[in-house]
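A quick write-up on the structure given underneath.
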Amino acid sequence: MSADSCDVLIVGGGPAGSTCARALKQAGLDVLIMDKAVFPRDKVCAGWITPQVVQELSLDLGDYARGRVLQPIDSFITGMGEQANAEVSYQKVVSYGIRRCEFDHYLLERSGARLRLGEAWKSMEWQGGRWLVNGEVSAALVIGAGGHFCPVARHLGAHLGKEERAISAQEIEFEMTDSQAAQCAVTGVRPELYFCEDLKGYGWCFRKGNYLNVGLGREGNHRLAEHVQTFARSLAAQGRIPPDLPGKFKGHAYLLYAHGNRPVIGDGIMIIGDAAGLAYTQSGEGIRPAIESGLMAATNVLAASGDYRRERLVQYETALRARFGERGEAPALSVLPAKLRLALARALMRTQWFARNVILDRWFLHSQLPALNLSRSAT
Ligand SMILES: Cc1cc2nc3c(=O)[nH]c(=O)nc-3n(C[C@H](O)[C@H](O)[C@H](O)COP(=O)(O)OP(=O)(O)OC[C@H]3O[C@@H](n4cnc5c(N)ncnc54)[C@H](O)[C@@H]3O)c2cc1C
């Protein structure tokens, strides 16, 4: 049997993969996306996107909203533990809620790439200057976009899950019945965020139309299920969410940028999105870095003009660093003892000023960081 030949094979059809594929396809390359799932598929995610994401994707919101959930967001409640502390209103739309099963499917179809869905990456061998994947697909370049457990990242040398300091999260998303909606004080335009007392994570409740998404993510997975259950019970007791959540919480893990250290390029290989460990350190937002890395990788691929040796892909690594900074945590007030730092941080986070200017504007909305403009960026 002769191999299915393409210029670029992208393993993973999430936002990173589909965005990269679209940019390459528009430039005339033959692009194939392989994904182990058949779309539409679910992805454990709160589904919060910022206007910068809409801009980077050139998303036509009118078209997108036809038959899909698109929840405008104009305000937030933030809190500590299960206690609300601040309400911040922007008087304009500053974010959107989407459902990942719809969003990812839309982007994948829009990419124009050829698709091999329901097919997992199993192997890849270097043969005659090209990759042969699963013994069936021949590609000059393979881009790993398979999320946190991406097999291409593992092939390139990442020790998935072993020495990594990942975030573990659990969430549930479901369509509320009329009686559940009546017992839900959370509104669509005003999602709620509650930080854990030890500041190692946060919980959220997001209402998107009639869908409710409740979850909690923390550093490490120690007693995660217990934190999630306590959080959900407390919100239900306050009447913020209905008490009868259907089904089980689903879990997933991923790397924050400061904690990631995976190789992102090799001969004929690039790694993008969660597979490269790019999610924003303070908020855990990963869709925007996934999309930006997909666009930056595509820019480098086109500049490489078919020569995909490692040294021709270094621009991508440089562009990531220019955009997201050096890896590793910035030492915050490190002269103070840890307990005092924690007490100070907790007190600050309860104030309205900090909630608006730091938590929301800087950490979650990144209002200081405009959408990626590749004609001006480092690539
Ligand atoms: C609970 C939770 C809540 C979150 N909330 C938000 C949020 O509100 N906003 C935000 O911006 N980010 C959020 N994130 C992060 C965000 O979900 C990810 O950063 C984002 O999905 C990364 O996109 P990606 O394309 O890199 O990977 P993914 O979306 O994970 O896509 C990877 C794709 O690769 C495929 N794949 C995997 N293995 C293989 C294989 N062996 N062979 C073939 N295909 C394979 C998968 O089927 C999948 O389709 C959240 C994460 C979690 C866990």
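The values are calculated or read from the model by the stated rules, or taken from the named source; none is laboratory data. These numbers come from a predicted model, not from an experiment. No Cβ is skipped: glycine too gets one built from the backbone with ideal geometry, and neighbour counts run over all protein chains shown. Ligands, DNA and RNA are stripped out before the accessible areas are found, and what is left, the full protein with its side chains, is counted by its heavy atoms. Shrake-Rupley method; radii C 1.70, N 1.55, O 1.52, S 1.80 Å.
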Can you tell me which residue among 92, 25 is among the basic types (Lys, Arg), touching a residue at least 60 places away in the same chain (Cβ under 8 Å) and more than 14 Å from the ligand (Cβ to nearest atom)? 25
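Please determine, by comparing only the residues of segment 204-220 that are small (Gly, Ala, Ser) and more than 16 Å from the chain's Cα centre (by Cα), which one is farthest from the ligand (Cβ to nearest atom). Lay out the reasoning, then the answer.
Narrowing segment 204-220 to residues small (Gly, Ala, Ser): 209, 215, 217, 220.
Then drop every residue that is not more than 16 Å from the chain's Cα centre (by Cα), which leaves 209, 220.
Values: 209: 16, 220: 14 Å.
Within segment 204-220, the match that is farthest from the ligand (Cβ to nearest atom) is 209.
Can you confirm whether segment 295-309 contains a residue that is closer than 30 Å to residue 7 by Cα and in contact with a Gly (Cβ under 8 Å, 6 or more places away or on another chain)?
Quick first cut of segment 295-309, residues closer than 30 Å to residue 7 by Cα only: 295-309.
If we keep only those that are in contact with a Gly (Cβ under 8 Å, 6 or more places away or on another chain) as well, we get 308-309.
The answer is yes; a qualifying residue exists.
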How many residues, within segment 90-137, are at pLDDT below 95 and among the β-branched types (Val, Ile, Thr)? 0
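Residue by residue, here is whether (1) acidic (Asp, Glu); (2) within 30 Å of residue 265 (Cβ to Cβ) holds:
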position	(1), (2)
4	yes, yes
14	no, yes
69	no, no
96	no, no
104	yes, yes
120	no, yes
Quick one: residue 252 ticks every box in (1) in a loop (DSSP other than H, G, I, E, B); (2) in contact (Cβ under 8 Å) with a residue 60 or more places away in the chain; (3) not charged (D, E, K, R) bar one, so which box is it? (1)
Tabulated pairs, segment 214-238, first in contact (Cβ under 8 Å) with a residue 24 or more places away in the chain and part of a helix (DSSP H, G or I), second among the charged types (D, E, K, R) and open to solvent by 10 Å² or more (accessible area, probe 1.4 Å), C-beta under 7 angstrom, 6+ apart or interchain: 224/218; 227/218; 231/82; 234/82; 235/82
What is the residue count in segment 185-233 for residues that are small (Gly, Ala, Ser), more than 16 Å from residue 168 (Cα to Cα) and surrounded by fewer than 20 Cβ atoms within 10 Å (Cβ to Cβ)? 3
Report, ordered by the first and then the second residue, all pairs with beta carbons closer than 6 Å, sequence separation of six or more or different chains, a first member in segment 124-148 that is under 30 Å from residue 169 (Cα atoms) and crowded, with 20+ Cβ neighbours inside 10 Å, and a second member that is of a type in the set (D, E, K, R) and modelled with pLDDT of 95 or more. 147/274; 148/274
Among (1) within 23 Å of residue 74 (Cβ to Cβ); (2) more than 13 Å from the ligand (Cβ to nearest atom), there is one condition residue 193 misses while meeting the rest; what is its number? (2)
Inside segment 116-157, can you point out the residues that are more than 19 Å from residue 20 (Cβ to Cβ), part of a loop (DSSP other than H, G, I, E, B) and within 16 Å of the ligand (Cβ to nearest atom)? 118, 120, 122, 123, 134, 135, 136
For segment 286-316, the count of residues that are closer than 16 Å to residue 130 by Cβ and part of a helix (DSSP H, G or I) equals 4
Answer yes or no as to whether residue 153 is under 30 Å from residue 73 (Cβ atoms) and in contact (Cβ under 8 Å) with a residue 24 or more places away in the chain. no
Of 283, 305, 293, which residue is open to solvent by 10 Å² or more (accessible area, probe 1.4 Å) and small (Gly, Ala, Ser)? 305
From the list 348, 333, which residue is modelled with pLDDT of 85 or more and closer than 26 Å to residue 259 by Cβ? 348
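Let me confirm something: among 281, 299, 318, which residue is among the β-branched types (Val, Ile, Thr), in contact with a helix residue (DSSP H, G or I) (Cβ under 6 Å, 6 or more places away or on another chain) and assigned by TED's automatic domain parsing to the domain that holds residue 130?
Details: 299 fails: in contact with a helix residue (DSSP H, G or I) (Cβ under 6 Å, 6 or more places away or on another chain); 318 fails: in contact with a helix residue (DSSP H, G or I) (Cβ under 6 Å, 6 or more places away or on another chain).
The unique qualifying residue is 281.
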